[in-house]
Amino acid sequence: MSLPIIDLTAPMPVKAAEIERACRDSGFFYVTGHSVPADLIRRLDAAAREFFALPEHTKAEIAMERGGKAWRGFFPVGAELTSGRTDRKEGIYFGTERPGDPRPLHGGNLFPEQVPALRTAVLEYLDKLTATAQDVLRAVAVSLDLDGNYFAGGYTADPTVLFRIFHYPPSEPETD
């Protein structure tokens, strides 16, 4: 079974009907026609690769411990678990830029001074993806016979946005 593809540039009644069908039939769908330019994705990818190529001690300058309740920053390989097992990935967490916001999962991001392009790309990407999510939710609302601003007018007016970039370094050969 292949997943449906919803074109966000389609007229509202068309995309709302397609989303309704996709949600009922498979529960999932892909989107095209979003507002995330390919050049932004390339810039984000390049900046992330540049960051992960930095020495460990340099990446640790923006360790998650420094992000506090905002849950932002870098974590090294082995610092996260999946199903109780150590992950073989390193990563960096970001969110909507809200310096000084004391709420959990809110606040300022930690960006590496050595890769200034990462800040620009991440913040632009978050803005574009948040707008895309709101576009999708407008169509979901219409598919439910609700006003198109049903979600954006309340539930998602001020969303909590978390964004993670992961890097999976080459595995070490097994020693046993």
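Filter region 13-56 for residues that are in a helix (DSSP H, G or I), closer than 17 Å to residue 138 by Cα, touching a helix residue (DSSP H, G or I) at 6+ places or on another chain (Cβ under 6 Å) and open to solvent by 30 Å² or more (accessible area, probe 1.4 Å) and give the result. Scanning region 13-56 gives a single hit, 20.
Of all residues in region 61-101, those satisfying the criterion of being open to solvent by 40 Å² or more (accessible area, probe 1.4 Å) and touching a Gly at 6+ places or on another chain (Cβ under 8 Å) are 65, 66, 68, 69, 71, 86, 88, 97, 98, 99, 100. Selection of first residues in region 63-83 that are more than 12 Å from residue 108 (Cα to Cα) and of second residues that are of a type in the set (Asp, Glu) and buried (at least 19 other Cβ atoms within 10 Å of the Cβ), restricted to Cβ pairs under 6 Å at least 6 apart or on distinct chains, gives the following pairs, ordered by first then second residue: 76/90; 77/90. Within region 84-119, the only residue that satisfies the criterion of being farther than 27 Å from residue 43 by Cβ, basic (Lys, Arg) and free of Cβ contacts under 8 Å to residues at least 12 places away in the same chain is 85. Identify, please: which residue in region 136-175 is small (Gly, Ala, Ser) and more than 19 Å from the chain's Cα centre (by Cα) and is, among those, nearest to residue 30 (Cα to Cα)? Across region 136-175, the extreme among qualifying residues is 139. Within region 26-44, residues that are closer than 21 Å to residue 111 by Cα have Cβ atoms under 8 Å from residues that are open to solvent by less than 60 Å² (accessible area, probe 1.4 Å) and among the small types (Gly, Ala, Ser) in these pairs: 40/121; 43/117; 43/121; 44/121, counting only partners at least 6 apart in sequence or on another chain. Of all residues in region 11-35, those satisfying the criterion of being within 16 Å of residue 131 (Cα to Cα) and either modelled with pLDDT under 95 or among the small types (Gly, Ala, Ser) (or both) are 33, 34, 35.
The residues of region 120-139 that are open to solvent by less than 30 Å² (accessible area, probe 1.4 Å), under 30 Å from residue 11 (Cβ atoms) and either free of Cβ contacts under 8 Å to residues at least 12 places away in the same chain or among the hydrophobic types (A, V, I, L, M, F, W, C) (or both), listed by number, are 126, 136, 139.
Please find, within region 143-163, the residue that is farthest from residue 38 (Cα to Cα) out of those that are open to solvent by less than 50 Å² (accessible area, probe 1.4 Å) and not in a loop (DSSP other than H, G, I, E, B). Don't jump to the end; show me each part of the working.
Step one: list which residues in region 143-163 are open to solvent by less than 50 Å² (accessible area, probe 1.4 Å), which gives 143, 148, 151-152, 154, 156, 159, 161, 163.
Next, only the ones that are not in a loop (DSSP other than H, G, I, E, B) stay: 143, 163.
Numbers: 143: 29, 163: 18 Å.
Of everything passing the filter in region 143-163, 143 is farthest from residue 38 (Cα to Cα).
Scanning region 88-109 for residues that are within 19 Å of the chain's Cα centre (by Cα) and of a type in the set (D, E, K, R) yields 89, 90, 97, 98.
The values are calculated or read from the model by the stated rules, or taken from the named source; none is laboratory data. The model shown is predicted, which means the values in this text are computed figures rather than measured ones. Ideal geometry is used to build each Cβ from the backbone, glycine not excepted, and the neighbour counts take in all protein chains shown. Note: areas computed on protein heavy atoms with side chains; ligands, DNA, RNA excluded. Shrake-Rupley method; radii C 1.70, N 1.55, O 1.52, S 1.80 Å.
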